[in-house]
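As structure tokens, the structure follows; a few thoughts come after it.
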Amino acid sequence: MVLETLGILNSWIKDFGMLSEGWRASILVFVLVFSTATAAFIASRVIGVLERKFSSTNNLWDDALLHAARSPVVAFIWLQGVFWAAEVAYRFSEAEIFTANRTLLQIGFVWVFVWALLRLVKEAEKILVSPMKMRKPMDFTTVSAISKLLRAAVIITAVLTALQTLGFSISGVLAFGGVGGIAVGFAAKDLLANFFGGFIIHLDRPFKVGDWVRSPDRNIEGTVEHIGWRLTTIRTFDKRPLYVPNATFTTIAVENPSRMTNRRISETIGIRYADVRSMKKIVDEIREMLKNHEEIETEQTLIVNFLAFNASSLDIMVYTFTKTTQWVRFHEIKEDVLLKISDIIESYDAEVAFPTRTLHLPDGLKVSGAGREGETSEPGKGSSQESSQTQSTETQMESAHDSNR
């Protein structure tokens, strides 16, 4: 209809006999391009007004559809306008370059449609993972995996359709892909292993983006930033990016501390042998303190017991769990617990033990130090200073010996 209208306009201009054929073609092409630009501008404005109008409603999918369709609709208008302009130019010049107009138009339609679908998938992904738009947002890793599969399906379908439009046989292309796939599989086995490794990660979900993961088999520890089809990006705690091939996760054990329910406090605290009479009271009071602590999870295992007679101490085992799993908050709670245990031990005039050693000397053996410079002493006799040093040393040894009985 548009081309017929332009034909009538061309005949009307030709009847005047004032313009040559080249000028008439230029005027018609200009009218088409100007009309296309005007229509594209109006369409963009109309869709923009509709976006602002529908943004106030509770339905989020109409906003996503309009936002995804805005640019492809403008591109579609330009594509159609340029096609009509090329048809007009072909009628006047009959140049060979314009013979591919219809094929290019069909491929352009496929491209615009695929572009719109990809934008719609992206908008849907944003909505599904947004806590501001969804009451129960979906897991980002799952939504990302599904969107990647949808994009791949749309692109593959578009490529096959474009090949069919260009005159290639899809059955021949698929047959070639089946035979060539075997050779590609052997040549790119590592790439395929990483691809299927990424698929298994998305399927089993041992971790997701934002989780803290580590592996006891490899030197891998950090926060997951991105899960791709070939690599998983992990940000280590010293802020370095670590790129791990997905196939690695199919052969190693992966620990996910982000999914722990509680954090554990496990300490062994020793008191002196001289404080053995206060052991029962100290243990009972520490246990009672932990049961009444607001940050300790009493539903989990809680153990406070006299553990063992150690070489230099009487050991108390403290084993409990905190309610929080946050790393910084956990250490604040642990600090508070240890300080309260220290206060309990001091309240019974007891002390935390430290390693000591007792030295037993034969009877009659005396330890003599060297005299002051310029003084001498007879064998077996020492100065008063040496005697006081010896007595002080013996007193310290006896005190250490008594404290360890």
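Spin-label pair V328-T38: with each label point 7 Å from Cα along the Cα-Cβ axis, the two points sit 6.2 nm from one another. Summary of the geometry: region 315-362 and region 119-135, compared by the centres of their Cα atoms, lie 50 Å apart.
Size check on region 183-319: the Cα extents along the three principal axes, sorted descending, read 79, 34, 25 Å.
Considering only C-alpha atoms, what is the centroid distance from region 248-286 to region 141-160, in Å? The two parts, judged by their Cα centres, are 48 Å apart. Scaling against 2.2 N^0.38 Å puts the C-alpha radius of gyration of region 260-347 at 1.09. Counting Cα-Cα pairs of region 190-258 in 5 Å increments starting at 0 gives whole-percent bin shares of 4, 20, 31, 30, 13, 3, 0. In a fully extended conformation the segment linking T165 and F309 would gain 43.2 nm over its present Cα-Cα distance, using 0.36 nm per residue. Taking each residue as 0.36 nm, the span from F354 to V46 lengthens on full extension beyond its C-alpha to C-alpha distance by 102.8 nm. Residues V328, V33, V46, arranged from fewest to most other Cβ atoms within 10 angstrom of their Cβ, appear as V328, V46, V33.
Read-outs throughout are calculated quantities, based only on the coordinates presented, and are distinct from any laboratory measurement. If you're wondering where the values come from, they're calculated on a predicted model, not measured in any experiment. Reconstructed Cβ throughout: ideal geometry from the backbone, glycine too, with neighbour counts over all protein chains shown.
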